[in-house]
Amino acid sequence: QVQLVESGGGLVQPGGSLRLSCAASGTIVSIKTMGWYRQAPGKQRELVAAQISGGRPNLADSVKGRFTISRDNAKNTVSLQMNSLKPEDTAVYYCNAQIRVHPSYTWEDYWGQGTQVTVSS
């Protein structure tokens, strides 16, 4: 019943910028962590950025100084601002969240369908 929907992917030139957004909807009691993973062809899925509720953002070393993650807890959304994009940033980006759907339940992982980001001239 819970759904994560990403938007904002596309084709961009090296050095360009792109902003990804993710919105969680459905039966949501609370969200502990929201973040972004990516998976490039032939590589494992890796954490890009994440932020726990009430905490500070965590960013992969490869994107520090270039990417910024932001959450809006009231709207159950998370965004990823990507600047100074490099070809190695090319991947499918997935929104991820740990969500409690009932007061008596623990948190469970939910994933978006993924959005393609291609950095090429």
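For (1) assigned to a strand (DSSP E or B); (2) of a type in the set (Asp, Glu), each residue gets a yes or a no:
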{"position": "Val5", "(1), (2)": "yes, no"}
{"position": "Leu11", "(1), (2)": "yes, no"}
{"position": "Arg19", "(1), (2)": "yes, no"}
{"position": "Gln51", "(1), (2)": "yes, no"}
{"position": "Glu88", "(1), (2)": "no, yes"}
{"position": "Asp109", "(1), (2)": "yes, yes"}
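Counting only residues that are open to solvent by 50 Å² or more (accessible area, probe 1.4 Å), touching a helix residue (DSSP H, G or I) at 6+ places or on another chain (Cβ under 9 Å) and of a type in the set (A, V, I, L, M, F, W, C), segment 57-106 holds 0 of them.
For the condition without any contact (Cβ under 8 Å) to a residue 40 or more places away in the chain and at negative phi, Thr33 does not qualify.
The rows are residues; the columns are (1) of a type outside the set (A, V, I, L, M, F, W, C); (2) farther than 14 Å from Val92 by Cα; (3) out of contact with any strand residue (DSSP E or B) (no Cβ under 9 Å at 6 or more places or on another chain).
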{"residue": "Ser17", "(1), (2), (3)": "yes, yes, no"}
{"residue": "Ile28", "(1), (2), (3)": "no, yes, no"}
{"residue": "Thr33", "(1), (2), (3)": "yes, yes, no"}
{"residue": "Lys43", "(1), (2), (3)": "yes, no, no"}
{"residue": "Gly55", "(1), (2), (3)": "yes, yes, no"}
{"residue": "Thr68", "(1), (2), (3)": "yes, yes, no"}
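A count restricted to segment 27-56 and to residues that are small (Gly, Ala, Ser), within 29 Å of Gln13 (Cα to Cα) and either loosely packed, with under 13 Cβ neighbours inside 10 Å or at pLDDT below 95 (or both) stands at 1.
Would you check if Ile69 is outside any loop (DSSP other than H, G, I, E, B), over 17 Å from Ser21 (Cα atoms) and not basic (Lys, Arg)? Let's see the steps before the verdict.
Working: outside any loop (DSSP other than H, G, I, E, B): yes; over 17 Å from Ser21 (Cα atoms): no; not basic (Lys, Arg): yes.
Criteria not met by Ile69.
The values are calculated or read from the model by the stated rules, or taken from the named source; none is laboratory data. Values in this document were obtained by computation on a predicted structure and should not be read as measured data. Note that we place each Cβ from the backbone using ideal geometry, even for glycine, and neighbour counts take in every protein chain shown. These area figures cover heavy atoms from the full protein model, side chains too; ligands, DNA and RNA do not enter into them. Shrake-Rupley method; radii C 1.70, N 1.55, O 1.52, S 1.80 Å.
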